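The values are calculated or read from the model by the stated rules, or taken from the named source; none is laboratory data. Just so it is clear, the model here is predicted, and its values are computed rather than measured. Every residue, glycine among them, receives a Cβ derived from its backbone with ideal geometry; neighbour counts consider all protein chains shown.
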Amino acid sequence: MLGDYRIEGRRASDIAASVEAGVGSGALPPGSLLPPMRELAGELGVNPNTVAAAYRTLRERGVIETDGRRGSRVRARPSSAPRDAAPMAVPAGVRDLASGNPDVSLLPALDGALAFAARRHAQEPTLYGDDPLLPELERMARADLDADGVPAGPVAVTSGALDAIERVLAAHLRPGDAVAVEDPGWGSALDLVAALGLRVLPVAVDDDGPEVAAVARALAAGARALLVTPRAQNPTGAVLSAERAAELRALLAGHPEVLAIDDDHGHGIVDRPLHSLGGVTRHWALTRSAAKAYGPDLRLAVLTGDAVTLDRVRGRQRLGPGWVSRLLQYVLLDLWTSGAVDRAAVSRAYDERRNAVIAALRARGVAAHGRSGLNVWVPLVGVGETAVVAGLQSAGWAVAPGSRYRVESGPGIRVTVSALVPADVPALADAVAAAVRPSGGGRSV
């Protein structure tokens with residue numbers, strides 16, 4: 001089962017450390033099946049509860065995963081090795097279309113907003129015991145959510161979308177629980193689920209969002225939560241359509257205990273209607289980050305959801321960071337109220353770049369996807385991601401390999417369009433077409 005590797009230890013901490021050492025050294029490669037708890041307890045001469053505690057610790061650390069009667073295995077990617085831990089270096093002279101950053105020229109200047117925050121702080125410094133959420137920001141956020149048809153619910157702020165998702169998952173789930181996640185989907189979310197000791201149930205995605213049949217299979221397999229990106233899905237650019245949302249809501253109505261989470265990170269840069277899955281199940285949440293519209297360093301996201309979920313999130317927040325800096329909240333408040341970002345113009349700029357790339361690729365026989373957001377997804381057929389990424393880099397373009405975003409879905413590459421100008425598109429499309437058909441034959445489908 002484990003080859004020549006021998007797990008050692010008498011205490012749960014020592015057994016867990018022994019397994020981690022095997023994983024770290026490569027003696028226990030990904031997919032290695034660990035012994036049943038009673039069997040290992042017999043070999044080590046310890047109580048089965050001791051081994052159970054060790055396995056629980058390993059699950060919580062994201063080292064192993066347990067799938068019922070199939071047993072416990074070493075994860076394909078331990079949480080200590082996130083997908084972007086070693087970001088691809090972009091050589092000099094190569095255009096960076098891999099990082100996923102917004103166009104800096106479309107981000108607002110922060111001088112006025114920072115000055116506004118400083119003035120408000122001088123007038124009323126934030127002290128221990130103050131409300132963690134600015135009342136003005138809460139009112140604006142709730143009005144914005146109401147305008148998008150998001151169900152009524154309390155509001156909180158977190159340090160970005162990933163922080164919000166982590167807190168919501170931790171508020172309801174425990175290690176070993178399963179989460180239905182888009183595939184391909186946001187790599188950081190996939191890593192987060194693993195780091196929390198949760199199991200990923202991949203859900204296929206098309207241009208209209210998560211496929212209903214795939215979500216149904218995940219729910220039947222015991223998914224306790226469903227994480228969906230309704231707009232600007234990363235990496236495919238999918239947009240959850242009204243029809244698909246209605247089908248998913250009907251499906252979720254038969255699973256009232258499932259936690260439904262909307263990650264609306266495209267808010268502010270996407271001029272497409274929001275179709276939230278919130279309010280169908282007993283517990284739900286929706287988060288919208290300020291990163292794409294106002295800048296990645298503005299570590300703030302608005303969060304809403306049902307009262308129990310928000311109460312748990314805010315309660316745990318008080319015991320950790322306490323609150324998100326009200327200085328940052330003042331900055332976002334000023335940017336919002338001053339109209340520093342023309343959402344329609346920003347959305348139009350990204351739409352034009354993305355659509356131009358997709359049209360140019362299709363004219364060259366290369367299928368591509370991207371209905372919203374910053375990215376274009378190019379599925380690969382008959383050629384590996386490594387070869388395509390390397391070929392494009394040699395042609396002067398750095399793109400992201402699809403492996404950062406996939407679980408079971410087919411290979412692909414992600415091209416971030418935010419840094420492109422119209423003159424770039426033909427050369428980029430030529431390079432992609434050549435890279436995905438290195439032998440010069442066939443058409444991508």
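Please go through the stretch 405-421 and give me each residue that is surrounded by 24 or more Cβ atoms within 10 Å (Cβ to Cβ) and not aliphatic (A, V, I, L, M), ordered by number. Give the derivation first.
So the first thing to find is which residues in the stretch 405-421 are surrounded by 24 or more Cβ atoms within 10 Å (Cβ to Cβ), and the list is 405, 412-417.
Once the filter is applied, which keeps residues that are surrounded by 24 or more Cβ atoms within 10 Å (Cβ to Cβ) and not aliphatic (A, V, I, L, M), the stretch 405-421 yields Tyr405, Gly412, Arg414, Thr416.
Restricting attention to helices (runs of 4 or more DSSP H) lying wholly within the stretch 239-358, give those where 3 or more residues are over 25 Å from Thr416 (Cβ atoms), at pLDDT 95 or above and not assigned by TED's automatic domain parsing to the domain that holds Val425.
On the way: elements: 242-253, 291-294, 307-319, 326-338.
Result: 242-253, 307-319, 326-338.
Report the residue count in the stretch 1-36 for those that are over 33 Å from the mean Cα position of the chain (by Cα) and surrounded by 19 or more Cβ atoms within 10 Å (Cβ to Cβ).
1
How many of the residues making up the stretch 373-387 are crowded, with 24+ Cβ neighbours inside 10 Å and on the phi < 0 side of the Ramachandran plot? Break it down stepwise before answering.
Step one: filter the stretch 373-387 for residues crowded, with 24+ Cβ neighbours inside 10 Å, giving 373-378.
Still in the list and also on the phi < 0 side of the Ramachandran plot: 374-378.
The total comes to 5.
Give the number of residues within the stretch 301-320 that are in contact with a helix residue (DSSP H, G or I) (Cβ under 8 Å, 6 or more places away or on another chain) and either free of Cβ contacts under 8 Å to residues at least 12 places away in the same chain or crowded, with 22+ Cβ neighbours inside 10 Å (or both).
So the count comes out to 7.
Go through the stretch 157-178 and report how many residues are touching an Asp or Glu at 6+ places or on another chain (Cβ under 7 Å) and crowded, with 22+ Cβ neighbours inside 10 Å.
So the first thing to find is which residues in the stretch 157-178 are touching an Asp or Glu at 6+ places or on another chain (Cβ under 7 Å), and the list is 161, 165, 175.
Then keep just the ones that are crowded, with 22+ Cβ neighbours inside 10 Å; that gives 161, 165.
Within the stretch 157-178, residues that are touching an Asp or Glu at 6+ places or on another chain (Cβ under 7 Å) and crowded, with 22+ Cβ neighbours inside 10 Å number 2.
Sort out which residues of the stretch 67-90 are on the phi < 0 side of the Ramachandran plot and modelled with pLDDT of 80 or more, and write them in order of number.
Passing the criteria: Ser72, Arg73, Val74, Arg75.
Going by the conditions given, is Arg414 of a type outside the set (Ser, Thr, Tyr), assigned to a helix (DSSP H, G or I) and under 29 Å from Leu192 (Cβ atoms)? Before you say what the answer is, go through the steps one by one.
Numbers: of a type outside the set (Ser, Thr, Tyr): yes; assigned to a helix (DSSP H, G or I): no; under 29 Å from Leu192 (Cβ atoms): yes.
When the stated conditions are applied, Arg414 does not pass them.
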